[in-house]
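S.K.: Please see the structure below; I have some questions.
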Amino acid sequence: MTDTERSGVVLKGVGGFYYVLSEGRVFECKAGGRLRLGELSPVAGDSVRFELSGEDGLITAISPRRNSLTRPPVANIDRLFIVASSAPPAADPTLIDTVTVIALWQDIEPIIVLNKCDIDPSDELYDTYTRAGFRVIRASAVTGQGIEEVRALAREGISCFTGNSGIGKSSILNCLMPERGLLVGRISKKIARGRNTTRQSELFPCGDGFVIDTPGFSAFEITREDDIRKEQLQHYFPEITGYFDKCRFAGCAHIKEPGCAVRQRVADGLIPRTRYLSYCKIYEDLARIKDWERK
Ligand code: GDP
Ligand code: ZN
């Protein structure tokens, strides 16, 4: 590294400018020409190197990404907090399960946060997702229950938060980051030069880690680009993974084959029915995606 070369983490990108946190300061950077030629633009969460000239930086390299989400664009995610509740507006379990599939496929740890426990303990969801092998945290943005547990996990690496509107995601983020205003102010001062004022997804420091808000579950549709094969789907349902080699037929899809150990477990109440129904629904969706590809 030269004197003027630094490394940092991209907090957000707005209109061709990237805000990079490096040694406790935020630098406004552009992306160097070589990066643009490579068709790789920096996104929030990227580890980058940049050359500083005066106050402005030029990003010269992006470290290889461990994983990424496209809506919003964010890279190198360690965990995804999925905020859900049985209290209204209750989440559709298939949406939660689709999100967990995408997370596991991307090697992101899904963590279920059952918010609004002050009005409903969400026992069924707790049971379902605990049995699936996920970490489940009962929380309340009103009483503060579970918030410290969420914070302790979010203090390292990059954490995303998703959940359908009205579930209390903003309330939880506000509990986690009372200091959030500080950095927002610092970045907005730069953006106030009249560039782009659209609200963008942004990483906020939390301890040694970062958190980023993610729009509702609808951002997690499985698309063709995701390239999840229907045969692989069973690997992203941890409670099914342990049983599929016990089915009568090798290559059993667990949909209607005779002698299916997975369906037997569902019938016996050992695998929650909502999870199995999600499996079938997502399997059908994936089968359709493959049909398009064959065209
Ligand atoms: P978001 O759309 O997911 O960001 O939800 P908000 O954070 O805006 O919260 C939606 C509504 O739920 C607001 O009226 C909050 O006051 C309320 N709310 C959020 N968290 C809790 C909670 O833990 N318990 C209760 N009882 N209400 C909550
Ligand atoms: Zn089977």
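S.K.: Between 0 and 90 degrees, rounded to the nearest ten: what's the tilt of helix 93-105 against the longest Cα principal axis of the chain?
M.R.: Roughly 60 degrees between the two axes.
S.K.: Continuing with this model, one more query. Any idea what the dipole of the range 1-106 comes to, in debye rounded to 20, about its Cα centre with Lys/Arg Cβ at +1 and Asp/Glu Cβ at -1?
M.R.: Numbers: 11 positive and 12 negative charges, 36 e Å.
In total the dipole reaches around 180 debye.
S.K.: Could I ask something else about it? Between Asp285 and Ala61, what FRET efficiency comes out of the Förster formula 1/(1 + (r/R0)^6) with R0 = 35 Å and r the beta carbon distance, rounded to 0.05? Please report the intermediate quantities before stating the final value.
M.R.: Values: r = 37 Å, r/R0 = 1.07.
Computed FRET efficiency for Ala61 and Asp285: 0.40.
S.K.: How large is the direction-averaged shadow of the alpha-carbon convex hull of the chain, in nm²? Walk me through the numbers before you get to the answer.
M.R.: Numbers: hull surface 71.7 nm².
Projected area, direction-averaged: 17.9 nm².
S.K.: Still on this structure, please answer the following. Return the percentage of antiparallel bridges among DSSP beta bridges fully within the chain, rounded to the nearest 5 %. Could the numbers behind the result be given before it?
M.R.: Working: 27 of 50 bridges.
Counting only bridges with both partners in the chain, antiparallel ones make up about 55 percent.
S.K.: For the range 34-183, report the % of Cα-Cα distances exceeding 26 Å. The partial results should precede the final answer.
M.R.: Details: 3796 of 11175 pairs.
Summing the P(r) of the range 34-183 above 26 Å gives 34 percent of all pairs.
S.K.: Please arrange Arg263, Arg275 by accessible surface area, largest first, computed with a 1.4 Å probe and ligands excluded.
M.R.: Working: Arg263 80, Arg275 0 Å².
Accessible-area ranking of Arg263, Arg275, largest first: Arg263, Arg275.
S.K.: Run the helix sum for the chain: -39,500 (n - 2.57) per DSSP H stretch of 4+ residues, divided by residue count, reported at 222 nm to the nearest 500 deg cm²/dmol. Show your work: numbers first, answer last.
M.R.: Values: 9 runs with 88 residues, N = 295.
So the calculated ellipticity at 222 nm is -8500 deg cm²/dmol.
S.K.: Would you work out which of Pro110, Ile282, Cys160 lies farthest towards the positive end of the dipole of the chain, given +1 charges on the beta-carbon of Lys and Arg and -1 on that of Asp and Glu, about the Cα centre?
M.R.: Of the options given, the answer is Ile282.
S.K.: While we're on this one: Between Glu23 and Phe249, what FRET efficiency comes out of the Förster formula 1/(1 + (r/R0)^6) with R0 = 51 Å and r the beta carbon distance, rounded to 0.05?
M.R.: Values: r = 58 Å, r/R0 = 1.14.
Taking R0 as 51 Å, the efficiency between Phe249 and Glu23 is 0.30.
S.K.: Rg (Å, one decimal) plus Dmax (Å, integer) for the alpha carbons of the range 221-276?
M.R.: Over the range 221-276's Cα set, Rg and Dmax evaluate to 11.9, 36 Å.
S.K.: Continuing with this model, one more query. Where does each of Glu221, Glu39 land when they are ordered by accessible area, with a 1.4 Å probe and the largest first? Kindly include the intermediate steps, with their values, before the conclusion.
M.R.: On the way: Glu221 110, Glu39 160 Å².
The ordering from most to least exposed comes out as Glu39, Glu221.
S.K.: Quick one: work out the % antiparallel among DSSP beta bridges in the range 52-166, nearest 5.
M.R.: Numbers: 4 of 18 bridges.
The antiparallel fraction comes to roughly 20 percent.
S.K.: In 10 Å bins starting at zero, report the fraction of Cα pairs in the range 63-133 per bin as a rounded %.
M.R.: Distribution as computed: 18, 48, 25, 8, 1 percent.
S.K.: Still on this model: Quick check: the angle from helix 180-191's long axis to the longest principal axis of the chain, C-alpha only, nearest 10 degrees?
M.R.: Taking Cα atoms only, the helix is inclined about 50 degrees.
S.K.: Regarding the range 30-87, what's the average projected area of the Cα-atom convex hull, expressed in nm²? The partial results should precede the final answer.
M.R.: On the way: hull surface 23.0 nm².
If you wrap the Cα atoms of the range 30-87 in a convex hull and average its projections, you get 5.7 nm².
S.K.: Another one. Using the Cα centre as the reference, give the magnitude of the dipole from point charges on the C-beta atoms of the chain (Lys, Arg: +1; Asp, Glu: -1; all else neutral), rounded to the nearest 20 debye.
M.R.: Result for the chain is approximately 580 debye, rounded to the nearest 20.
S.K.: Just need the Rg to Rh number for the range 1-105, please, alpha carbons only, Kirkwood Rh.
M.R.: In the range 1-105, Rg relative to Rh is 1.11.
S.K.: What is the percent carbon and sulfur in the accessible area of the chain, measuring with a 1.4 Å probe over the protein chains and ignoring ligands?
M.R.: Roughly 50 percent of what the probe reaches on the chain is carbon or sulfur.
S.K.: Taking a quarter of the surface of the convex hull around the Cα atoms of the range 108-158, what do you get in nm²?
M.R.: Values: hull surface 14.6 nm².
The number I arrive at for the range 108-158 is 3.7 nm².
The values are calculated or read from the model by the stated rules, or taken from the named source; none is laboratory data. All values reported here derive from a predicted model rather than from experimental measurement. Don't worry about glycine lacking a Cβ; one is built from the backbone with ideal geometry, like all the others, and counts go over all protein chains shown. When the accessible area is computed, the model is the full protein with side chains, heavy atoms only, and any ligands, DNA or RNA have been set aside. Shrake-Rupley method; radii C 1.70, N 1.55, O 1.52, S 1.80 Å.
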